[in-house]
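Notes for the one structure printed next.
The values are calculated or read from the model by the stated rules, or taken from the named source; none is laboratory data. All figures in this text were calculated on a predicted structure; none of them were measured in a lab. Note: ideal-geometry Cβ built from the backbone for every residue, glycine included; neighbour counts use all protein chains shown. Protein only, heavy atoms only, side chains kept; ligands, DNA and RNA dropped before computing areas. Shrake-Rupley method; radii C 1.70, N 1.55, O 1.52, S 1.80 Å.
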Amino acid sequence: MKILAVANNTFKEAIRDRILYLLLFFAAVCIGFSRVLALLTVGDEVKIIKDVGLASISLFGALMAILIGTGLVYKEIDKKTIYTLISKPIHRYQFLLGKFLGLVFTLFIMLLLMSIIFLALLFLHTYTIEWAMLVAIFFIFLELCLITAVAIFFSCFSSPILSSIFSIAFYLIGHLSWGFETLLQKMKPGVGKTLGQILYTVLPDLENFNFKTEIVHHLPIPTKFFVYSSFYGIFYTLFVLILSMLVFRKRDFI
Amino acid sequence: MAIALEVKDLHKSFKTGFIPKRKKILEGIFLKVEEGEIFGYLGPNGAGKTTTIKCILGLIFPDKGEIEILGHDYLSLQAKQRIGFLPENPYFYDYLTASEFLRFYAQLFGLDKKEIDKKITGLLSLVRLEDSSDIQLRKFSRGMLQRIGFAQALINDPSLVLLDEPLGGLDPLGRKEIRDIIVRLRDNGKTVFLSSHILQDIEMICDRVAIIVQGQVINQGKLQDLISEKILFTEIILSGIEKKDLEGLGECLAADGGRILLKVFDEKKVNGVLEIIQEHKGKIHSLIPRTETLEDLFVGMVTKQ
């Protein structure tokens, strides 16, 4: 109940943020632009629309999570609204979870709007609603949940600008770390490989949530990949949230 | 009388500077606030008043010391369930309307919807904001924010209310309104812990006070015990008499428009002044014996420290 009250208040705050609508507008423009790109491309037009559309949803969703998430906790401390909140019978972890859920719900609504625009554009070309796209969007949502947790984690101890830089770095590393795996396969066994493996385990691999190519090209995806990616998303998010709670638990609000 | 708030040997320091250095803010605070009283916590700026309150509320963690609120550990939810808090310069969620704002805080106390609606109506009328319930807080004036802040502090019908500089930045009318609410709270059996540096207000409403200077409580007790009842001097405003006739009786501070303001330090000389006035058929406009005020006590102690 208390967590939901904070989540509801966070949703009210986030939904009034102008950045959200600016990003939503650009996301819509990019999804629409996929139609122009499709016209310029030789080959399957629909695949281009799907590719660019899903990539736009993923990118702008991540930007929304980072730009709003990094300010959420910091603003409460900076504006001193946290004084009255923490003096009420609420645990600090409940406050953080409320913030997280509030933003996740906001992102869900934004994702829903972007998906409607995307599916409507697709419908104009194929005259069918491509429900399979929702699978890719579901994994984008899981990725956004993780990025939100990371943004909130950084927001617990650093300013919004610094938190945004850290979170964007997390996003980029997460999408490039798969290259590290290829490198490891080519390395000879030894200390270097072991250290590399440890680093690869610690670094996030956000490509686990990327099913765009398979869905767009109708490639078969074994169920174990879905299960693995879902668990990866859930546990990584929980891990980052627990880390945030530990940082937040003993923080002085000066 | 039961104890509403007890603070024992509270220490707090902060690290400051690029090369962190420890700065001591609180150096062994002891406080005892009894149930049903208005307790004034006085001190100059930077003495540690707000830091003490933040420790009590669990916003910052003390280095050392014990805090007990209404018999519970200060960090427990049972303690927080029974306290209300109004911060200095209230900052609130300015995108919420007054009633949305109160509803949010009420939900944190687990109140049901019917109860919440009843509380919101009652509190908005207590702080005279019933006509502004649908206005966003960003459009509120300073005084209105202070009043809605008061309402959120009372949303759970608390037994102990902590107020950090509740009268700061308000006009005289606003200060009177807040003072009246504080006194009404005490009359309803609540305990009020109030920090301030506006001494006149504290003197008017507080039952007991503690004075904090440089992180230490240097005096604590009932107002009448702290302030001596001895007359320091008597101020007399009179007319119809020449200034030279009063020589040797007191200090003549002003003599404008035929009126003389005379400050008489020796109590015995007051009768002498009255006799002269009678003799010369003069007129007394006012005669005020000045006893020690809280301000005198406060200034004396802070200077000594």
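Using a probe of 1.4 angstrom, how much of the accessible area of the range B:1-158 is carbon and sulfur, in percent?
Here it works out to 50 percent.
Leaving out ligands and nucleic acids, note down the accessible area per residue over the protein assembly as shown with a 1.4 angstrom probe, in whole Å². Walk me through the intermediate numbers first.
On the way: 27140 Å² over 559 residues.
In whole numbers, the protein assembly as shown has 49 Å² accessible per residue.
Using r as the Cβ-Cβ distance of B:Thr293 and A:Val247, and R0 as 51 Å, what FRET efficiency do you calculate, to the nearest 0.05?
Working: r = 49 Å, r/R0 = 0.95.
Approximately 0.55, to the nearest 0.05.
With a 10 Å radius around each residue's Cβ, average the other Cβ atoms per peptide and rank B:54-67, A:31-44, highest first. All intermediate terms of the calculation are to be shown ahead of the outcome.
Working: B:54-67: 19.4, A:31-44: 13.9.
Highest to lowest by the protection proxy: B:54-67, A:31-44.
Compute the separation of the alpha-carbon centres of the range B:237-305 and the range A:161-185 and state it in Å as a whole number.
Cα centroid to Cα centroid, the span is 81 Å.
First select every other residue whose beta carbon is under 9 angstrom from the beta carbon of A:Gly102; then total the charges, Lys and Arg +1, Asp and Glu -1. The partial results should precede the final answer.
Working: positive: A:Lys12, A:Lys99; negative: A:Glu13.
The answer is +1.
Positive end of the dipole of the range B:3-226, charges at C-beta (+1 Lys, Arg; -1 Asp, Glu), about the Cα centre: which of B:Gln136, B:Gly215, B:Phe193 has its Cα farthest in that direction?
So the residue we want is B:Gly215.
Expressed as a rounded percentage, what relative contact order does the range B:231-304 have, with Cα pairs under 8 Å and six or more residues apart?
Averaging sequence separation for qualifying contacts and normalising by length gives 43 percent for the range B:231-304.
Based on Cβ point charges of +1 for Lys and Arg and -1 for Asp and Glu, what charge dipole magnitude is obtained for chain A about its Cα centre, in debye rounded to the nearest 20? The partial results should precede the final answer.
On the way: 21 positive and 14 negative charges, 181 e Å.
So the magnitude is around 860 debye.
Apply the Karplus parameterisation 6.51 cos²θ - 1.76 cosθ + 1.60, with θ equal to phi minus 60°, to every residue of the range B:296-303 and state each ³J(HN,Hα) to the nearest whole Hz, in sequence, with x for glycine and proline.
The phi angles translate into 4, 4, 4, 4, x, 5, 5, 5 Hz.
What lysines does A:Lys50 reach when the alpha-carbon gap must be under 18 Å and sequence neighbours fewer than 8 apart in one chain are set aside?
Filter leaves A:Lys212.
Stretched out fully, how many nm does the piece from A:Ile161 to A:Phe138 gain, at 0.36 nm a residue minus the Cα gap?
5.4 nm
Using a 1.4 Å probe on protein heavy atoms, which residues of the range A:1-46 have at least 30 Å² less accessible area in the complex than alone?
Buried by 30 Å² or more upon assembly, which counts only protein chains, are A:Met1, A:Lys2, A:Ala5, A:Asn9, A:Lys12, A:Glu13, A:Arg16.
Using the Karplus curve 6.51 cos²θ - 1.76 cosθ + 1.60 with θ = phi - 60°, work out ³J(HN,Hα) for each residue of the range A:50-55 in order, rounded to whole Hz, and write x for Gly and Pro.
Those phi angles translate into 5, 4, 5, x, 5, 5 Hz.
Beyond 21 Å, how much of the Cα-Cα pair distribution for the range A:1-117 remains, as a whole percent?
Working: 3130 of 6786 pairs.
I get 46 percent for the Cα pairs in the range A:1-117 exceeding 21 Å.
Considering only Cα-Cα distances, which of the following residue pairs are longer than 28 Å: A:Lys12/B:Lys49; B:Lys54/B:Lys222; A:Lys88/B:Lys139; A:Lys99/B:Lys190; A:Lys2/B:Lys12; B:Lys176/B:Lys283?
On the way: A:Lys12/B:Lys49 34 Å; B:Lys54/B:Lys222 24 Å; A:Lys88/B:Lys139 25 Å; A:Lys99/B:Lys190 33 Å; A:Lys2/B:Lys12 30 Å; B:Lys176/B:Lys283 35 Å.
Correct reply: A:Lys12/B:Lys49; A:Lys99/B:Lys190; A:Lys2/B:Lys12; B:Lys176/B:Lys283.
Residues with amide H under 5 Å of A:Lys80's amide H, sequence separation 5 or more or different chain, H placed in the peptide plane at 1.01 Å from N; which?
Amide H neighbours of A:Lys80: none.
Between B:Asp94 and B:Asn188, what's the calculated FRET efficiency when r is the beta-carbon distance and R0 is 35 Å? Round to 0.05. If you can, show how the numbers build up before the last one.
Values: r = 30 Å, r/R0 = 0.87.
Approximately 0.70, to the nearest 0.05.
Among B:Leu163, B:Gly48, B:Phe85, flag the residue with its Cα farthest along the positive direction of the charge dipole of the range B:3-226, charges on Cβ as +1 for Lys/Arg and -1 for Asp/Glu.
Going by the charge dipole, the pick is B:Gly48.
Of the peptides A:207-219, B:127-139, B:277-289, how do they stack up when ordered by the mean number of other Cβ atoms within 10 Å, highest first? Mind showing how you got there, number by number?
Details: A:207-219: 16.8, B:127-139: 15.0, B:277-289: 12.5.
Highest to lowest by the protection proxy: A:207-219, B:127-139, B:277-289.
If you put +1 on each Lys and Arg Cβ and -1 on each Asp and Glu Cβ, how big is the dipole of chain B around its Cα centre, in Debye rounded to 20?
With only Lys, Arg, Asp and Glu charged at Cβ, the dipole is about 860 debye.
Counting only residues 5 or more places away or on other chains, whose amide H sits under 5 Å from the amide H of B:Gly84 once H atoms are built in the peptide plane?
Answer set, sorted by chain and number: B:Leu160, B:Val161, B:Leu162.
Under 5 Å between amide hydrogens, which residues at least 5 positions from B:Tyr74 or on another chain qualify, with H placed 1.01 Å from N in the peptide plane?
Counting only residues 5 or more places away or on other chains, the set is B:Ile67, B:Ile69.
Sort out for me the Cα centre separation of the range B:160-233 from the range B:1-68, rounded to whole Å.
17 Å
For the range A:61-94, list residues with backbone N below 17 Å from a point placed 7 Å from the Cα of A:Phe108 toward its Cβ?
A:65
What ³J(HN,Hα) values, in whole Hz, does the Karplus curve 6.51 cos²θ - 1.76 cosθ + 1.60 give for the range A:143-148 when θ = phi - 60°, with x put for Gly and Pro?
Coupling constants for the range A:143-148: 5, 5, 4, 5, 5, 4 Hz.
List the accessible area buried at the contact between A and B, summed over both sides and calculated with a 1.4 Å probe, in Å² to the nearest 100. Before the final figure, lay out the partial values.
Working: alone 13730 and 16230 Å², together 27140 Å².
Buried surface at the A/B interface: approximately 2800 Å².
Please give the calculated 222 nm ellipticity per residue for the protein assembly as shown, where each DSSP H segment of at least 4 residues contributes -39500 (n - 2.57) and the sum is spread over every residue; nearest 500 deg cm²/dmol? All intermediate terms of the calculation are to be shown ahead of the outcome.
Working: 21 runs with 306 residues, N = 559.
-18000 deg cm²/dmol, from helical runs alone.
For A:Phe170, what is the net charge nearby, where nearby means another residue's Cβ is under 13 Å from its Cβ and Lys, Arg count +1, Asp, Glu -1?
Values: positive: none; negative: A:Glu143, A:Asp205.
Around A:Phe170, the surrounding residues sum to -2.
In the range B:231-304, if the dipole is taken from +1 on Lys/Arg beta carbons and -1 on Asp/Glu beta carbons about the Cα centre, which of B:Leu261, B:Ser239, B:Leu274 is farthest to the positive end?
Of the listed residues, the answer is B:Ser239.
Using a Gaussian network for chain B with springs between C-alpha atoms less than 10 Å apart, which of these wobbles most: B:Leu96, B:Leu261, B:Leu185?
B:Leu261
In debye, nearest 20: dipole of the protein assembly as shown around its Cα centre with unit charges on the Cβ of K, R (+) and D, E (-)?
Roughly 1240 debye for the protein assembly as shown.
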